[in-house]
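Every number in this text was worked out from the coordinates using simple rules, so none of it is lab data. Everything numeric in this text was worked out from a predicted model, so none of it was measured. Neighbour counts are summed over all protein chains in view; Cβ atoms, including those assigned to glycine, are modelled from backbone coordinates with ideal geometry.
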Amino acid sequence: MKDQRGFAAALGFAFVAAWIGFSFGGALLCLLGGAVFWIAAGVLEGNVDLGELQARLTNRENDELQDQPARSSPPPRRPRAKPRVQ
């Protein structure tokens, strides 16, 4: 189906039909199962590269850590102040 709106309408209809026929939990399980098989078909067709997806997820975590400035040495200590009371 090249018409994405038609596909979305059919998916919405199927979700509501499953909701009415089974229950909300059953409808969610149907939706989850459809998503899993959709991803599996994408992997088999070569449209989804799991290695690239994993690299993107791990690089995102590393990028967040790299945003913080790295310190090569601890900050210098301030000289001790002389006590005012003698």
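Scaled against the 2.2 N^0.38 Å expected of a compact globular protein of N residues, the Cα radius of gyration of region 24-64 reads 1.55.
Model label sites at Gln4 and Ala55, defined 7 Å from Cα along the beta-carbon direction, differ in position by 2.6 nm.
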